[in-house]
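The values are calculated or read from the model by the stated rules, or taken from the named source; none is laboratory data. None of these values were measured; they are calculated from a predicted model. Counting neighbours? That spans all protein chains shown, and the Cβs are built from the backbone with ideal geometry, glycine included.
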Amino acid sequence: MSARSGPVLRRSPVLALPRLHQLVLPTPWEVGPVQIYAVEGDPLTLIDTGVMTPPSWAALGAGLEAIGASPGEVKRVVLTHYHTDHMGQVQSLRDAGADLELAVHEDDADAVEGYTPARDERIDTTNALFREHGVPDALLARQGERLRRMVADEPPLACATRVDRRLRDGDRVSFKDFELEVIHGAGHTAGHLLLHEEASGALLTGDHLMGHSVPFTESYYLEGAPDPADPLARRPRFRGLPAYLRSLRRLRGGSFRTILPAHGGIVARPARAIDEALLFYEVRVQRVERAARKLAAARGAATAWEIWQAVFPKADPLTQMRTRMLMVIGALDVLEEAGVFEMRRREDEVLEARPQSSASSR
Ligand SMILES: [Zn+2]
């Protein structure tokens with residue numbers, strides 16, 4: 001384990017919840033470790049589990065040992081969402097003898113039960129989405145090849161496992177002396193959830209709100225035929241950025257005192273963290289709107305790919321296109337929902353955004 005991985009266990013970060021501890025587990029990524037949470041006692045419960053790697057497994061074992069427990073004794077796992085640094089070691093726990101109940105939001109449950117590294121990357125469906133938004137075929141082919149090679153070469157960081165309880169907004173996860181309320185916070189994934197302990201004001205946020213960064217939001221096609229109500233006959237799609245902003249605005253009204261995130265320590269000022277995440281995306285939505293208006297002034301409309309090139313002139317299309325392109329598409333989703341832009345389909349099937357004459361987002 002690297003020197004910067006720090007202590008494995010942070011005991012009782014919320015004084016009013018003495019049995020809840022933070023475990024810091026290494027990941028292979030530059031973003032650093034993932035923070036999971038353990039509630040000792042019966043049922044011994046984990047919130048998230050870390051990636052499936054030997055150093056992460058060793059750190060989980062050491063963290064549990066420090067609170068007098070072992071992996072085989074875990075009775076329940078709640079996942080904030082399906083990403084590998086959260087679901088990674090659920091099956092490892094089961095393989096180590098844990099007879100555990102796995103609880104996941106219903107909208108992420110299939111991704112947990114059907115997990116494969118290739119499915120997680122959504123290469124073909126994301127490329128179809130990008131093609132529909134104007135990204136050239138040759139670039140998509142090169143990028144698809146690069147991602148497929150990555151998936152084939154790198155050891156998987158999670159493996160599929162059974163979900164026993166499908167959670168929804170408002171559900172409760174009960175312990176002897178307190179309860180966690182499930183808050184559905186879609187955006188980073190469709191089924192991302194937060195857990196709220198009312199008496200202490202503690203909010204476990206996963207990647208929805210973090211100590212030092214703002215999450216990317218997903219956007220991908222859902223199963224099913226094109227929406228008959230959509231004049232552009234677009235396939236149904238999970239639109240992460242509008243969902244994320246709606247969720248943040250809803251959280252704004254809450255009386256939270258401490259955020260326990262999956263990355264970036266512990267956040268002592270929840271209201272500020274919520275406002276900062278909102279501002280982060282509001283600024284980017286405005287940047288996309290400005291670029292799109294400029295392009296549209298020249299020729300009436302702009303594709304997401306043209307906007308991408310205008311907003312990120314220095315980004316490398318091969319390695320830096322995906323997350324930024326999802327952001328541009330997400331921003332157009334926000335602007336379309338607000339009536340600022342209208343989408344239309346060109347003859348070559350590519351979608352482009354055209355400013356609505358009178359509307360403005362400000
Ligand atoms: Zn995540």
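In table form, for the structure just shown:
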| item | result |
| --- | --- |
| Filter result for the condition that a residue is free of Cβ contacts under 8 Å to residues at least 60 places away in the same chain, outside the structural domain of Phe216 (by TED's automatic domain parsing) and not acidic (Asp, Glu), over Ala304, Ala331, Ala296, Ala292 | Ala296 |
| Selected residue (criterion: surrounded by the most Cβ atoms within 10 Å (Cβ to Cβ)) from residues of region 86-104 that are of a type in the set (D, E, K, R) and in a helix (DSSP H, G or I) | Arg94 |
| Test: residue in region 134-154 that is within 18 Å of Ala262 (Cβ to Cβ) and surrounded by 15 or more Cβ atoms within 10 Å (Cβ to Cβ) | no |
| Tally, over region 162-194, of residues that are in a strand (DSSP E or B) and crowded, with 23+ Cβ neighbours inside 10 Å | 4 |
| Filter result (at pLDDT below 95 and assigned to a loop (DSSP other than H, G, I, E, B)) within region 119-155 | Arg122, Glu154, Pro155 |
| Of all residues in region 40-85 being among the small types (Gly, Ala, Ser), more than 16 Å from the ligand (Cβ to nearest atom) and assigned to a loop (DSSP other than H, G, I, E, B), the one that is nearest to Leu167 (Cα to Cα) | Gly41 |
| Candidates His192, His184, His208, His196, filtered to the one that is of a type outside the set (S, T, N, Q), farther than 16 Å from His86 by Cα and either within 16 Å of the ligand (Cβ to nearest atom) or within 11 Å of the chain's Cα centre (by Cα) (or both) | His184 |
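A quick yes/no check of all residues on (1) closer than 19 Å to Glu342 by Cα; (2) within 16 Å of the ligand (Cβ to nearest atom); (3) buried (at least 23 other Cβ atoms within 10 Å of the Cβ):
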| site | (1), (2), (3) |
| --- | --- |
| Ser200 | no, no, no |
| Leu204 | no, yes, yes |
| Tyr221 | no, no, no |
| Phe238 | yes, yes, no |
| Tyr244 | no, yes, yes |
| Thr258 | no, no, no |
| Arg272 | no, no, no |
| Val288 | yes, no, yes |
